[in-house]
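**Student:** Right, I'll just put the structure down here and ask away after.
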Amino acid sequence: MKLGDYTFTWDPDDCDLPLAERRSAVQKTYSSAVFFSWGVVLAGTRVTLLWDWMPAAQFLALRGLYEADEATVWSPGQEEKLFLTGIAHGPFVVGEEVEDQTTGATADVLSVHGTIDGDRYLVLTNRVGMFEAGSTIEKTSGSPTKSATVQTVDILPDYDVEILKVNGDLFETVHTKFIYRRNVTVELLIMGEVSA
């Protein structure tokens, strides 16, 4: 996981997923009510990252980003998975490059999981662009030509964020003089997705 140029030494113990929220309002009139809806919007969503503890150096790095008072990029850094159905001429193998035939996104296959009767998915690396559920992916070179339908995409993009809060209790172990922070909370405000 990264925030700006800083790669976390310790990932959070708990983390909200950035989910778009529905924006709406209700106005009562004399004899009824009017409902307004502006659809589902990601911008303005808050995400909380929580740690039971973290090294003092990581806390200071995160606090420095907060005090810089600038928008930055948050990379959740989760495993990027494509759940597949209808694999033809497969299976896909580690090291192959795959391409989304709808969006043009590409990635390398890092690992292959699942069985014919169970969930089958690819873990991706070196992704460029976003894959789309319902589209077809194909191996980009060599034969046989392999293809599959993307059933589910489990990939979080990078997000433009404002850092709203970085808090934690200073703590020092008596025997080792190891200084760390307990009960650390980092709160981010999602401004939008970073364009691929």
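The values are calculated or read from the model by the stated rules, or taken from the named source; none is laboratory data. Computed from a predicted model, the values in this text were never measured in an experiment. Heads up, the Cβs are rebuilt from the backbone with ideal geometry, glycines too, and the neighbour counts pull from every protein chain shown.
**Student:** Tell me, please, whether a residue that is outside the structural domain of VAL47 (by TED's automatic domain parsing) and under 16 Å from the mean Cα position of the chain (by Cα) can be found in segment 113-123. It would help to see each step written out before you state the result.
**Tutor:** Residues of segment 113-123 outside the structural domain of VAL47 (by TED's automatic domain parsing): 113-123.
Checking which are under 16 Å from the mean Cα position of the chain (by Cα) leaves us with 123.
Within segment 113-123, one or more residues are outside the structural domain of VAL47 (by TED's automatic domain parsing) and under 16 Å from the mean Cα position of the chain (by Cα).
**Student:** Something else now. Taking only pairs six or more apart or across chains, which ones have beta-carbon atoms under 6 Å, a first residue in segment 22-45 that is within 20 Å of ASP160 (Cα to Cα), and a second residue that is at pLDDT below 90 and among the charged types (D, E, K, R)?
**Tutor:** Close Cβ pairs (under 6 Å, with a partner that is at pLDDT below 90 and among the charged types (D, E, K, R)) amount to VAL40/ARG22; VAL41/ARG23; THR45/GLU21.
**Student:** Restricting the search to segment 5-20, which residues are touching a Leu at 6+ places or on another chain (Cβ under 8 Å), farther than 16 Å from LYS165 by Cβ and either outside the structural domain of GLU67 (by TED's automatic domain parsing) or assigned to a strand (DSSP E or B) (or both)?
**Tutor:** Hit for segment 5-20 is TYR6, nothing else.
**Student:** When the residues of segment 61-78 are filtered to those that are out of contact with any Pro (no Cβ under 9 Å at 6 or more places or on another chain) and among the hydrophobic types (A, V, I, L, M, F, W, C), which remaining residue is nearest to ASP13 (Cα to Cα)?
**Tutor:** Only one residue tops the list, namely LEU62.
**Student:** Quickly run through segment 103-155 and pick out the residues that are of a type in the set (Val, Ile, Thr) and under 16 Å from GLY90 (Cα atoms). Reasoning before the result, please.
**Tutor:** Looking only at segment 103-155, we keep the residues that are of a type in the set (Val, Ile, Thr), and these are 103, 106, 109, 112, 115-116, 123, 125, 128, 136-137, 140, 145, 149-150, 152-153, 155.
Residues satisfying the conditions are VAL109, VAL112, THR115, ILE116, VAL123, THR136, ILE137, THR140, THR145, THR149, VAL150.
**Student:** Same structure, new question: So which of ASP16, ASP100, ASP5, ASP108 ends up being within 30 Å of PHE178 (Cβ to Cβ), free of Cβ contacts under 8 Å to residues at least 60 places away in the same chain, surrounded by 14 or more Cβ atoms within 10 Å (Cβ to Cβ) and not aliphatic (A, V, I, L, M)? Reasoning before the result, please.
**Tutor:** Numbers: ASP100 fails: within 30 Å of PHE178 (Cβ to Cβ); ASP5 fails: surrounded by 14 or more Cβ atoms within 10 Å (Cβ to Cβ); ASP108 fails: within 30 Å of PHE178 (Cβ to Cβ).
Checking each option against the conditions leaves just ASP16.
**Student:** Among the residues of segment 143-160 satisfying the criterion of being in contact (Cβ under 8 Å) with a residue 40 or more places away in the chain and in a loop (DSSP other than H, G, I, E, B), which is farthest from LEU84 (Cα to Cα)? Don't jump to the end; show me each part of the working.
**Tutor:** Going residue by residue through segment 143-160, those that are in contact (Cβ under 8 Å) with a residue 40 or more places away in the chain are 144-156, 158-160.
Now restrict to residues that are in a loop (DSSP other than H, G, I, E, B): 144-146, 155-156, 158.
Details: PRO144: 18, THR145: 16, LYS146: 12, ILE155: 14, LEU156: 17, ASP158: 23 Å.
Here the answer is ASP158.
**Student:** I would also like to ask the following. Read through the list (1) at positive phi; (2) among the charged types (D, E, K, R); (3) assigned to a strand (DSSP E or B), then give the number of the only condition that ASP169 fails.
**Tutor:** (1)
**Student:** Spot the failing condition for GLY134; the list is (1) touching a Pro at 6+ places or on another chain (Cβ under 9 Å); (2) at pLDDT 85 or above, and only one is missed.
**Tutor:** (1)
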